[in-house]
1. Let me spell out the model: positive unit charges on the Cβ of Lys and Arg, negative unit charges on the Cβ of Asp and Glu, origin at the Cα centre of the chain. What dipole size does that give, in debye rounded to 20?
2. Which value in nm describes the separation of the simple spin-label points at Ala3 and Val61, placed 7 Å from the Cα toward the beta carbon?
3. Going out from 0 in 10 Å bins, what whole percent of all Cα-Cα distances in the chain drops into each bin?
4. Kindly point out which whole DSSP H helices in the chain project their C-alpha atoms 15 angstrom or further along the helix axis while averaging a Kyte-Doolittle hydropathy of 1.0 or above.
5. Run the quick spin-label model on Ala75 and Val54: label points 7 Å from Cα toward the beta carbon, then report their separation in nm to one decimal.
Amino acid sequence: MTAALIALALATLADIITTIIALQRGFVEAAPVMRWIMSWAGSAWWVVKIVFTVVGAWVLVRFIGDPVAVWAFAAGIGLVALWNLRLLVKG
């Protein structure tokens, strides 16, 4: 479980960093809920994202208890970070 939680933390960090870079380059957040959170929280949007991720991880660990669920969560966020990176590389 520890490795899955570390992977989730790293994927979340990668998503936040690539999103910040994309926003600085003029891209717009594609996810409507995240876009609303960004408008509501301002420059602290990433704190809200981390809180939601921690709560999501807690729910998975507490109620499902299977590391595969956390790995899947980490993979999903990792794919978002890879998509962001792809957009940044393409320009």
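The numbers here are math on the coordinates, done by the rules we state, and not lab data. The structure presented is a predicted model; accordingly, all values stated were derived computationally and were not measured. Cβ placement follows ideal geometry from the backbone for every residue including glycine, while neighbour counts extend to all protein chains displayed.
1. Working: 6 positive and 3 negative charges, 43 e Å.
Its charge dipole is roughly 200 debye.
2. For Ala3 paired with Val61, the spin-label model returns 1.7 nm.
3. Using 10 Å bins, I get a P(r) of 17, 46, 29, 7, 0 for the chain.
4. Details: long enough: 2-24 (33 Å, 1.93); 45-59 (21 Å, 1.77); 67-90 (34 Å, 1.50).
What comes out of the filter, once short or polar helices are dropped, is 2-24, 45-59, 67-90.
5. Spacing of the two 7 Å Cα→Cβ label points: 2.7 nm.
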